[in-house]
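Inspection log for the structure reproduced underneath, given as structure tokens.
Read-outs throughout are calculated quantities, based only on the coordinates presented, and are distinct from any laboratory measurement. All figures in this text were calculated on a predicted structure; none of them were measured in a lab. Here the Cβ positions follow ideal geometry from the backbone for every residue, glycine too, while neighbour counts run over all protein chains shown.
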Amino acid sequence: MLDSITDFDTRWFLRCNRHQVVKPLTNFFKLVSRSGDGYFYALLGFVAVLTQSNNGLLFAIAGLIAFLIEIPSFILLKKLLKRERPFEKLNSCLCAIIPSDKFSMPSGHAAAAFLMATLIDQFYPDWSILAYSWACAIGFSRVFLGVHFPTDLIVGAGLGLLCSYLSLSILL
């Protein structure tokens, strides 16, 4: 089973990553990836507090609790799993960015993006489709840019969902 997962990962990674030769597309996905670096999440929480009174404060607190769970969890998982990044493992990989840490699984960008999308879904359901689309785009950008395999995103997204649900269960 592990071999078939590895085959799936490698095949889909290479299908996505090979399009990096299209520079405007690469530049677009660099911007998408950067939108998941964390600054935007803090800005969303700040704007919510300033503009939404109680609901905005609950949103910001839920985000803070969720990130207090997610960040140490993803760091611990990376240290335990020690999965090499695609650009270190595959000779044919194109890498367009320098990742912030050494290991690949789980994707911290996907975890944070899906954590935030889930909280947006809970507090601002009219924005759910946009939030989850944005989270998927952040995840895809990480594969496209050469720093994650598809299963890194799946595990990261699951971690983000779990952390947001834990936060909501604590808060609400």
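So the values come out like this:
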read-out	value
Neighbours by Cβ (under 9 Å, 6+ apart or cross-chain): first from the stretch 122-145, free of Cβ contacts under 8 Å to residues at least 60 places away in the same chain; second assigned to a loop (DSSP other than H, G, I, E, B) and of a type in the set (Phe, Trp, Tyr)	ALA131/TYR124
Of all residues making up the stretch 48-89, the number that are out of contact with any helix residue (DSSP H, G or I) (no Cβ under 9 Å at 6 or more places or on another chain) and among the β-branched types (Val, Ile, Thr)	1
Complete set of residues in the stretch 101-120 that are surrounded by 18 or more Cβ atoms within 10 Å (Cβ to Cβ) and either over 9 Å from the mean Cα position of the chain (by Cα) or not in a helix (DSSP H, G or I) (or both)	PHE103, SER104, MET105, PRO106, SER107, MET116, ALA117, THR118, LEU119, ILE120
Qualifying positions in the stretch 73-100 - within 14 Å of GLY36 (Cα to Cα) and surrounded by 16 or more Cβ atoms within 10 Å (Cβ to Cβ)	ILE97, PRO99
Identity of the residue in the stretch 150-172, more than 12 Å from the chain's Cα centre (by Cα) and surrounded by 24 or more Cβ atoms within 10 Å (Cβ to Cβ), that ends up nearest to MET105 (Cα to Cα)	CYS163
Of all residues in the stretch 26-72 being of a type in the set (Val, Ile, Thr) and surrounded by fewer than 14 Cβ atoms within 10 Å (Cβ to Cβ), the one that is nearest to VAL147 (Cα to Cα)	VAL47
Qualifying helices (runs of 4 or more DSSP H) (wholly inside the stretch 1-100; at least 3 residues being in contact (Cβ under 8 Å) with a residue 12 or more places away in the chain and either more than 17 Å from GLY139 (Cβ to Cβ) or more than 17 Å from the chain's Cα centre (by Cα) (or both))	2-17, 39-51, 53-81
